[in-house]
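Please read the structure below before turning to the comments.
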C-alpha cells in the first residue's frame, strides 16, 4: 500500500513539469535567454486561438512563432525588436496588452463617454419625475 502512495505522490509532483514542457519541449541553452523567452511567450497571443498565449497553444502557427522567437533571441534581438517584428507580421492582435494610440483611443475612451452619457440621462429623468411629482402634489392639495 505504501509503495503505491509514494508512486502516486511522485507522479503528482512531476505532472506540472510534464504539462509545462508538453507544448514546447525546446529549451534555450542560456538561462537568461530562456527566462526572456518564457516572458515573451506568455505576453503574446496565439493568432489562431482566440484567447490563448503562445505558451498555452498547441496550434501549428504557435509552434512556428515560438520557433521564430527562439531564433531571434539567439540572434541577439531585444524583446522590443521581437515584438515589433511580430506586430508588423500579425498586427497588434498578437499583443495581450496593446499599445495606446489614437487609432485605438476610442476603445479606452468609449466606456467613460458612455458612463457620462448614462449619468446625464439618469439625472434628466430624475429631474423630470421630481417635477411631475411636485405638480401632482400641487394639484391634489386644496388651496
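The values are calculated or read from the model by the stated rules, or taken from the named source; none is laboratory data. Treat the numbers as computed from the prediction; the structure is a model and nothing was measured. With ideal geometry, Cβ positions are generated from the backbone for all residues, glycine too; neighbour counts draw on all protein chains shown.
Below, the figures for the structure above:
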| item | result |
| --- | --- |
| The range 43-95, residues that are crowded, with 16+ Cβ neighbours inside 10 Å, without any contact (Cβ under 8 Å) to a residue 24 or more places away in the chain and touching a helix residue (DSSP H, G or I) at 6+ places or on another chain (Cβ under 6 Å) | 46, 54, 72 |
| Any chance residue 35 is assigned by TED's automatic domain parsing to the domain that holds residue 25, surrounded by 10 or more Cβ atoms within 10 Å (Cβ to Cβ) and over 16 Å from the mean Cα position of the chain (by Cα) | yes |
| Top-ranked residue in the range 96-125 [being assigned to a loop (DSSP other than H, G, I, E, B) and under 18 Å from the mean Cα position of the chain (by Cα); ranked as surrounded by the most Cβ atoms within 10 Å (Cβ to Cβ)] | 98 |
| Test: residue in the range 54-66 that is assigned by TED's automatic domain parsing to the domain that holds residue 32 and more than 23 Å from residue 27 (Cβ to Cβ) | no |
| Test: residue 28 is assigned by TED's automatic domain parsing to the domain that holds residue 78, part of a loop (DSSP other than H, G, I, E, B) and modelled with pLDDT of 70 or more | yes |
